[in-house]
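Worksheet for the structure shown next.
The numbers here are math on the coordinates, done by the rules we state, and not lab data. For clarity, every value in this text was computed on a predicted model and none was experimentally measured. Using ideal geometry, Cβ is built from the backbone for each residue, glycine included, and neighbour counts are taken over all protein chains shown.
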Amino acid sequence: MKIYDYHGKKNVSGDRIREARLKRRLTQEDLAAKLQIEGVIMERDSVSRMEIGTRFVTDYELMVLSKVLGVSMQWLVGLEE
């Protein structure tokens with residue numbers, strides 16, 4: 001399987017995920033726990049890799065991230081300010 005990059009990253013939402021997480025004063029571990037409560041099994045290191053752009057973010061993860069972080073999916077991918 002070919003791994004694709006977009007501007008050197010594997011996702012476009014990492015910076016926004018980090019921004020929203022920090023705004024809510026959550027650690028990466030806290031965010032991983034909240035995702036797990038919602039049914040997305042993820043560890044702290046996966047959150048870290050998403051934020052720095054070395055891990056893909058699936059559509060269902062994006063949906064749950066937007067719910068947990070209280071932002072829209074469009075904002076997470078940079079389509080809204």
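With r as the distance between the Cβ atoms of Asp30 and Asp59 and R0 = 22 Å, compute the FRET efficiency 1/(1 + (r/R0)^6) and round to 0.05. Once the sixth-power term is evaluated, E becomes 0.45. Between Glu80 and Arg44, residue separation times 0.36 nm minus the direct Cα-Cα distance comes to 10.3 nm. For region 19-81, the list of trypsin sites (Lys or Arg not before Pro) that fall in a loop by DSSP and count at most 11 other C-beta atoms within 10 angstrom reads Arg25.
Treat the count of other C-beta atoms within 10 Å as a stand-in for reagent exposure and order Asp5, Asp15 from fewest to most.
Values: Asp5 10, Asp15 15.
Final ranking by Cβ density, sparse to dense: Asp5, Asp15.
When you filter the chymotrypsin sites (Phe, Trp or Tyr not before Pro) in the chain for DSSP loop state and at most 10 other Cβ atoms inside 10 Å of their Cβ, you are left with Tyr4.
A cut-off under 14 angstrom between Cβ atoms defines the neighbours of Gln36, and their net charge, with Lys, Arg +1 and Asp, Glu -1, is -3.
What relative contact order, as a whole-number percentage, does region 14-76 give when Cα pairs under 8 Å and 6 or more residues apart are counted? Let's see the in-between values first.
Numbers: 55 pairs, mean separation 23.5, N = 63.
Averaging sequence separation for qualifying contacts and normalising by length gives 37 percent for region 14-76.
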